[in-house]
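Student: Here's a structure for you.
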Amino acid sequence: MSDTSETAPVKTEQPKQERKPKEKKPVAEKKPAAEKKPAAAPQKKKGKNQEGVSASKLEDFPTWYTQTILKSEMIDYYDISGCYILRPYAYSIWEEVQKYFDARIKKLGVQNSYFPLLVSEKALATEKKHIEDFAPEVAWVTRSGQSEMKEPVAIRPTSETIMYPSFAQWIRSHRDLPLKLNQWTNIVRWEFKHPVPFLRSREFLWQEGHTAFATREEADKEVLDILDLYRSVYEDLLAVPVIKGRKSEGEKFPGGDYTTTVEGYIPTNGRGIQGATSHHLGQNFSKMFNIQFESLDKKHEYVYQNSWGLTTRTIGVTIMVHGDDIGLVMPPRVAPVQVVLIPLHFKDKDHTLVDAKATELAEILSDKGIRAHADKRDHLNPGNKYNYWDLRGVPVKIEIGPRDLEANQVVASRRDTLKKETIAVDQLAVRIPALLEEIQKAMFEKAKKERDEHIVKITKWEEFVPALDSKNLVLAPWCAEIASEEELKKRSSEESKARAAAGKNSENEESGFQLTGAAKCLCIPFDQPEMPEGTLCFLTGKPAKVWGLFGRSY
């Protein structure tokens, strides 16, 4: 399984005065880019909410991310570096992703299973080329109690070597095919780079699908079917636009024939981020593990295999794409609480009636399948409650005061735009579901517009790094040769550092931050622009074969 998981070259620390060790900044740059905030973006007034986020997303992205995930109670730190506690507010988002994806793969005939966490050294070494990328990150169990183990065992960094020996036993005939298994599980990769919650951690959650087919055509079809489900998870569930494409030879899954991917974009720092991958493994693994079947004409043939995976990185991407200076902005379809009803409590006044009405309306909405909650806490004033739920990104807040009771209406506020509207109580069960869908659609369209505005097409190398420094992804004609991939990384790294030293990315220089770092091919998009005859590679000057999507990435 490809490393679609926690891969961001960044540092985190734990915050002071929160019963945790010292806070670290969990995003790639040491200092963030400074640029003017969009006029439409909600602004947070300093000092208004001491319990909320104090850092600006655009001016200090690392601190903003750390504060947001901690103060919204998404994660907590653990006493083992790189391992994090997913608190209920975060885990419930993962549950929504699970439910959505699991239901759809079952319609494709995939069954869930579970394979052991531990893998023998012998099994792990079966496919050296495949495992070499994971080798430095493999965690080994070498002792049992006080005794050294005769044969150390590894904690799975991926499951091919765990699952495929069983495939070889279970598959004998064409009647045993296709075999389609998935498991929802954890993975351990002992990262030595700076860990970041949701993006890069030593233990993370994912699903990994492993399938076997009699023909290449069946496997090819499934690769794309699964990839489109990953697109749907991001776009239809998380409101995050992604680009479907094929990984270059240098970036594909080790041991596979080809890798397909969905690639996202983080507008705050202009980086691409791999969302999920679906791999066609060909017969490479079936030959290594001797997974054969007897065909209809009595011949013994090797199966064709796929593997595909999606991780809790989905949560981190959602936070980074949609969040604002107030905190989280949750897409309604995954929001742990979609609607919060806040009865207005006034000092020395009875709030029994507004509490009762909030409870009644929450039950009405719950009966409509909406995750609604009535916040009747009497030790917090309404302003405290607004701040609490805005930080957590709840899509809709509903205020209910004594005057609203008299008028038989409520006031609803959208989290994405902070706009308010008055809704008659008898229309609430109709209007709120429609409003949630409006918010979901608006969040996706906003993110897509911002992404599309930052994909630039170039044809010459001289345009490449300046485009990256403007927080863009780059679409360029490319020869697609493996050697050019290493040249690209080297040249882009050297040139970006030289530009930074010369102060040529002045927009970011004002805050002392400059965008640097190597770029790579994110994917070869399936949606290819027309290639005029005679077009040359922007990097090597050789004949171009494809349009490649390039960028700095997590």
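Quick note: the coordinates plus some simple rules give every number you see, no bench work behind them. As the structure is a prediction and not an experimental result, all values here were calculated from the model. Backbone-built Cβ (ideal geometry, glycine too); neighbour counts: all protein chains shown.
Student: Name the residues whose placed amide hydrogens come within less than 5 Å of the amide hydrogen of Phe253, ignoring near sequence neighbours (fewer than 5 apart) on the same chain.
Tutor: Correct list: Thr259.
Student: Give me the one-decimal nm value for the distance between modelled label points at Glu249 and Asp426, 7 Å along each residue's Cα-to-Cβ direction.
Tutor: 7.1
Student: Using a 4.7 Å cut-off between beta carbons, which cysteines in the chain end up with no partner cysteine at all?
Tutor: Lone cysteines by the Cβ rule: Cys83, Cys521, Cys523.
Student: Work out how far the C-alpha atoms of the range 169-235 reach from end to end along every principal axis, then list the three figures in whole Å, largest first.
Tutor: 47, 33, 17 Å, listed from the longest principal axis down.
Student: Could you give me the ³J(HN,Hα) list for the range 401-410, computed from phi with Karplus coefficients 6.51, -1.76, 1.60 and θ = phi - 60°, whole Hz, x at Gly and Pro?
Tutor: Computed from phi, the couplings for the range 401-410 are x, x, 5, 5, 4, 5, 8, 6, 8, 9 Hz.
Student: Check which residues have an amide H placed less than 5 Å from Ser278's amide H, if you skip close sequence neighbours.
Tutor: Excluding prolines and chain starts, which carry no amide H, the hits are Thr260, Thr261.
Student: Determine the sum of side-chain charges near Pro525: Lys and Arg each +1, Asp and Glu each -1, restricted to other residues whose C-beta is under 14 angstrom from that of Pro525.
Tutor: Local charge sum for Pro525: +2.
Student: Show that you can apply the helix-only estimate: for the chain, add -39,500 (n - 2.57) for every DSSP H stretch of four or more residues, divide by all residues, and state [θ] at 222 nm to the nearest 500.
Tutor: Result for the chain: -9500 deg cm²/dmol, rounded to the nearest 500.
Student: Expressed in nm to one decimal, what extension gain is obtained for the pair Glu438 and Ser81 from 0.36 nm per residue of sequence separation less their Cα-Cα distance?
Tutor: Gain on extension, Glu438 to Ser81, equals 124.5 nm.
Student: Next question. Quick check for me: using +1 on Lys/Arg Cβ and -1 on Asp/Glu Cβ, what's the dipole size of the range 455-551 about its Cα centre, in debye to the nearest 20?
Tutor: Once rounded to the nearest 20, the dipole reads 160 debye.
Student: Can you give the charge dipole size of the chain about its Cα centre, rounded to the nearest 20 debye, using +1 on the beta carbon of Lys and Arg and -1 on the beta carbon of Asp and Glu?
Tutor: 840
Student: Once you list every other residue whose beta carbon is under 9 Å from the beta carbon of Thr268, what net charge do they have if Lys and Arg are +1 and Asp and Glu are -1?
Tutor: +3
Student: Go through the range 345-435 and name the chymotrypsin sites (Phe, Trp or Tyr not before Pro) that are in a DSSP coil and have 16 or fewer other Cβ atoms within 10 Å of their Cβ.
Tutor: Those satisfying the criteria are Phe346.
Student: At what distance in nm do the modelled label points of Ala103 and Arg216 sit from each other, each positioned 7 Å from its Cα along Cα→Cβ?
Tutor: My value for the distance between the label points is 3.7 nm.
Student: Calculate the FRET efficiency for Leu380 and Ser232 from the Cβ-Cβ distance with a Förster distance of 51 Å, rounded to the nearest 0.05.
Tutor: E(calc), rounded to 0.05, equals 0.85.
Student: Using every pair of alpha-carbon atoms in the range 84-321, split the distances into 10 Å bins beginning at 0 and state the percent of pairs per bin, rounded to integers.
Tutor: With 10 Å bins starting at 0, P(r) equals 7, 30, 37, 20, 6, 1.
Student: Something else about it: If you add up the charges near Ile342, with Lys and Arg at +1 and Asp and Glu at -1, over every other residue whose beta carbon is less than 10 angstrom from its beta carbon, what do you get?
Tutor: With Lys, Arg at +1 and Asp, Glu at -1, the neighbours total +2.
Student: Can you work out ³J(HN,Hα) from phi for every residue in the range 198-209, in order, using Karplus 6.51 cos²θ - 1.76 cosθ + 1.60 and θ = phi - 60°, giving whole Hz and x for Gly and Pro?
Tutor: Taking θ as phi minus 60°, the curve returns 6, 9, 9, 8, 6, 10, 8, 9, 7, 10, 9, x Hz for the range 198-209.
Student: Among Val242, Ile291, Ala135, whose Cα lies farthest out toward the positive end of the dipole of the chain, if unit charges sit on the beta carbon of Lys, Arg (+1) and Asp, Glu (-1)?
Tutor: Farthest towards the positive end: Ala135.
Student: Would you kindly compute the Cα radius of gyration of the chain and its largest Cα-Cα separation (Dmax), both in Å?
Tutor: Expressed in Å, the Cα Rg and Dmax of the chain come to 25.5, 86.
Student: Search the structure for amide H atoms under 5 Å from the amide H of Leu536, placed 1.01 Å from N in the peptide plane, and list their residues when 5 or more places away or on another chain.
Tutor: Close amide H contacts, sequence-distant or interchain: Ala544.
Student: Pairs Lys193/Lys542; Lys107/Lys252; Lys107/Lys247: which exceed 30 Å Cα-Cα?
Tutor: As for pairs spanning more than 30 Å Cα to Cα, those are Lys193/Lys542.
Student: If you don't mind, another one. Give the cross-link partners of Lys490 among the aspartates and glutamates, using a straight C-alpha distance below 18 Å as the criterion and excluding same-chain residues fewer than 8 apart.
Tutor: Candidates past the 8-residue exclusion: Glu249, Glu251, Glu462, Glu463, Asp469, Glu481.
Student: Moving to a separate point now. Using the Karplus curve 6.51 cos²θ - 1.76 cosθ + 1.60 with θ = phi - 60°, work out ³J(HN,Hα) for each residue of the range 250-265 in order, rounded to whole Hz, and write x for Gly and Pro.
Tutor: x, 10, 6, 5, x, x, x, 6, 7, 10, 10, 8, 10, 10, x, 9
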